[in-house]
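Report on one structure; see the data block that follows.
The values are calculated or read from the model by the stated rules, or taken from the named source; none is laboratory data. All figures in this text were calculated on a predicted structure; none of them were measured in a lab. Ideal geometry is used to build each Cβ from the backbone, glycine not excepted, and the neighbour counts take in all protein chains shown.
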Amino acid sequence: MDFETVHNFYERLVLEKVVELSSTELEGSSDGALCDIACVALNRLPAYYVRHNVDTYFYMPVIEHHKVDAEVDDAVSYAINFIAEHQPD
């Protein structure tokens, strides 16, 4: 059996958001800090495993798109604050 296509739906969305913010709000953050932010954000989101993000997103109602985007934004914002508060001086 090939399980390589099975993954958490939120992974790509969170990683894209962190990359997007790395050129603005998170500019100058280390790769380690960015990875930590992604991990904390993903741990705040529900487990939602799929085989194909494109199919899942395509068949999702518009209101669900907005809900998912808001969940990702909230989780990443929380993670940024959490990591900032827990960085060693």
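Looking at the stretch 5-50, which of its residues are among the β-branched types (Val, Ile, Thr) and assigned to a helix (DSSP H, G or I)? Quick ask: steps written out before the conclusion?
Taking the stretch 5-50 as the starting set, the residues that turn out to be among the β-branched types (Val, Ile, Thr) are 5-6, 14, 18-19, 24, 37, 40, 50.
Passing the criteria: Val14, Val18, Val19, Ile37, Val40.
Would you pick out the residues in the stretch 28-64 that are farther than 30 Å from Gln87 by Cβ and aliphatic (A, V, I, L, M)?
Matches in the stretch 28-64: Val50, Val54, Met60, Val62, Ile63.
Sort out which residues of the stretch 45-59 are touching a Ser or Thr at 6+ places or on another chain (Cβ under 9 Å) and modelled with pLDDT of 85 or more, and write them in order of number. Full working, then the answer.
To start, the set of residues in the stretch 45-59 that are touching a Ser or Thr at 6+ places or on another chain (Cβ under 9 Å) comprises 48, 50-52.
Hits for the stretch 45-59 are Tyr48, Val50, Arg51.
Which condition number does Val76 fail, the rest of (1) of a type in the set (Val, Ile, Thr); (2) in contact (Cβ under 8 Å) with a residue 60 or more places away in the chain; (3) exposed (fewer than 15 other Cβ atoms within 10 Å of the Cβ) being met?
Checking Val76 against (1) of a type in the set (Val, Ile, Thr); (2) in contact (Cβ under 8 Å) with a residue 60 or more places away in the chain; (3) exposed (fewer than 15 other Cβ atoms within 10 Å of the Cβ), the one that fails is (3).
Taking the condition of a type in the set (D, E, K, R), farther than 19 Å from Asp69 by Cβ and part of a helix (DSSP H, G or I), does Asp2 pass?
On the way: of a type in the set (D, E, K, R): yes; farther than 19 Å from Asp69 by Cβ: yes; part of a helix (DSSP H, G or I): no.
Spelling it out, it is not the case that Asp2 is of a type in the set (D, E, K, R), farther than 19 Å from Asp69 by Cβ and part of a helix (DSSP H, G or I).
Among the numbered conditions (1) outside any helix (DSSP H, G or I); (2) among the charged types (D, E, K, R); (3) loosely packed, with under 11 Cβ neighbours inside 10 Å, tell me where Asp55 comes up short.
Of (1) outside any helix (DSSP H, G or I); (2) among the charged types (D, E, K, R); (3) loosely packed, with under 11 Cβ neighbours inside 10 Å, only one is false for Asp55: (1).
Find all pairs meeting these conditions: Cβ atoms under 7 angstrom apart; at least six residues apart or on different chains; first residue within the stretch 60-72 and modelled with pLDDT of 95 or more; second residue surrounded by 10 or more Cβ atoms within 10 Å (Cβ to Cβ) and part of a helix (DSSP H, G or I).
Val72/Tyr10; Val72/Leu13; Val72/Val14; Val72/Lys17
Picking from Leu26, Leu13, Leu34, which residue would you name as being at negative phi, surrounded by 13 or more Cβ atoms within 10 Å (Cβ to Cβ), free of Cβ contacts under 8 Å to residues at least 24 places away in the same chain and not small (Gly, Ala, Ser)?
Leu34
Mind checking which residues of the stretch 1-22 are more than 17 Å from Ala79 (Cβ to Cβ) and of a type outside the set (D, E, K, R)?
Of everything in the stretch 1-22, those that are more than 17 Å from Ala79 (Cβ to Cβ) and of a type outside the set (D, E, K, R) turn out to be Met1, Phe3, Thr5, Val6, His7, Phe9.
Based on what the data block shows, is Ile83 in contact with an Asp or Glu (Cβ under 7 Å, 6 or more places away or on another chain) and surrounded by 15 or more Cβ atoms within 10 Å (Cβ to Cβ)? Lay out the reasoning, then the answer.
Details: in contact with an Asp or Glu (Cβ under 7 Å, 6 or more places away or on another chain): yes; surrounded by 15 or more Cβ atoms within 10 Å (Cβ to Cβ): yes.
Here the answer is yes, as Ile83 does meet what is asked.
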